[in-house]
Amino acid sequence: MPLCLLEDVKKTYRIGEEEVEVLKGINLRIDRGEFIAIMGPSGSGKTTLMNILGCLDVPSSGRYTIADKEVNSLSDDDLSVLRNEHIGFVFQNFYLLSYATVIENVLLPTLYVERARDGVARKRALEILALVGLGDRGKFKPNQLSGGQQQRVAIARALINDPDLILADEPTGQLDSKTAEEIMKLLAAMNERGKTVAVITHDSAVAAHARRTVRILDGLIIE
């Protein structure tokens, strides 16, 4: 049963008087428990595809369904709830709050979940930090950590609400090759624990960690 299903998804942006079709009819199925890499050069449409997968944007036409919910029909508020409950994001630039501690950064997504109680959420955050190898760094600030450690914090933050999908956009783009390999092994370990992982990348070494690679070019899946 698919977690994510895109059916003839197109996305068009208006730039001045001109309409630019970025996605030209994407059909893609991502099953629960998959580890998939989406590869493409700059300008191929992979970032737009990522935004739609992550419910940061909606198709101009076609259908996108995630966790049995059709995205096209949802309000902005419903999309926010869907993102927070079902998707964990890992970005190239980490996006950690510099003034907050590691554990405070990890806990950020729980602020929007009514069922999360402070004590329960904090206990889970500590467990996840231990899982990603940062059990002793909870009180540190981001500027006291290496780039690889900051990305581990970002992965812990992505896991805190127990999402169905971990969506990683160029997660190793700011890291040296050794640290990048460690981060990809960590994402692979999360996949082995049952998480669905989708990595958007232009790097074949990153894509090699995935079990399936999809290539996009000029707004179309070519492989």
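Mind checking the log10 I(q)/I(0) for region 139-223 at q = 0.11, 0.13, 0.17, 0.24 Å⁻¹? Debye, one equal scatterer per Cα, no solvent, two decimals. For region 139-223, the Cα-only Debye profile gives -0.32, -0.45, -0.74, -1.27. As a rough footprinting exposure proxy, the listed residues T65, T48 were ranked by other beta carbons within 10 Å of their own, and the order from fewest upward is T65, T48. Of the trypsin sites (Lys or Arg not before Pro) found in region 172-223, those that fall in a DSSP loop while having at most 15 other beta-carbon atoms within 10 Å are R193, R211. Between amide H atoms placed 1.01 Å from N, distances below 5 Å from F35 occur with V197, R211, R212, all of them 5 or more places distant or on a separate chain.
Per-residue ellipticity at 222 nm computed for the chain from its helices equals -9500 deg cm²/dmol, with DSSP H segments shorter than 4 residues left out and the rest contributing -39,500 (n - 2.57).
Our coupling estimate for region 210-223, obtained by passing each phi through the Karplus curve with A = 6.51, B = -1.76, C = 1.60 and θ = phi - 60°, is 7, 8, 8, 10, 10, 10, 10, 8, 6, x, 10, 6, 9, 7 Hz, Gly and Pro reported as x. Once you sort the root eigenvalues of the Cα gyration tensor of region 52-179 as a ≥ b ≥ c, which label holds: rounded (a/c under 1.5), prolate (a/b larger than b/c) or oblate (the other case)? Oblate, since a/c reaches 1.5 and b/c is not below a/b. Applying the criteria of a DSSP loop state and at most 10 other Cβ atoms within 10 Å to the GluC sites (Glu not before Pro) of region 1-82 yields E17. Inverting the pair-averaged 1/r between distinct Cα atoms of the chain gives 18.0 Å as its Kirkwood hydrodynamic radius. Restricting attention to the chain, the count of lysine pairs at 8 or more positions apart or across chains with alpha carbons under 24 Å apart stands at 18. Beta bridges per DSSP, both residues in the chain: antiparallel share near 50 percent. Amide H contacts of R215: M39, I222, E223, each under 5 Å away and 5 or more positions distant or on a separate chain (H built 1.01 Å from N in the peptide plane; Pro and chain starts excluded).
Here the contact order of region 2-221, divided by its residue count and restricted to Cα pairs under 8 Å and six or more residues apart, works out to 31 percent. Give the long-range amide H neighbours of L23: residues separated by 5 or more places, or on another chain, with amide H under 5 Å away, using H modelled in the peptide plane at 1.01 Å from N. The list, which skips near neighbours in sequence, is K11.
Gaussian network model of the chain, Cα springs within a sub-10 Å range: biggest mean-square fluctuation belongs to which of F91, F35, F140? Ranking F91, F35, F140 by mean-square fluctuation puts F140 first.
No value in this document is a laboratory result; all are computed from the given coordinates. Bear in mind that the values here come from a model prediction, so they are computed numbers and not experimental data. Reconstructed Cβ throughout: ideal geometry from the backbone, glycine too, with neighbour counts over all protein chains shown.
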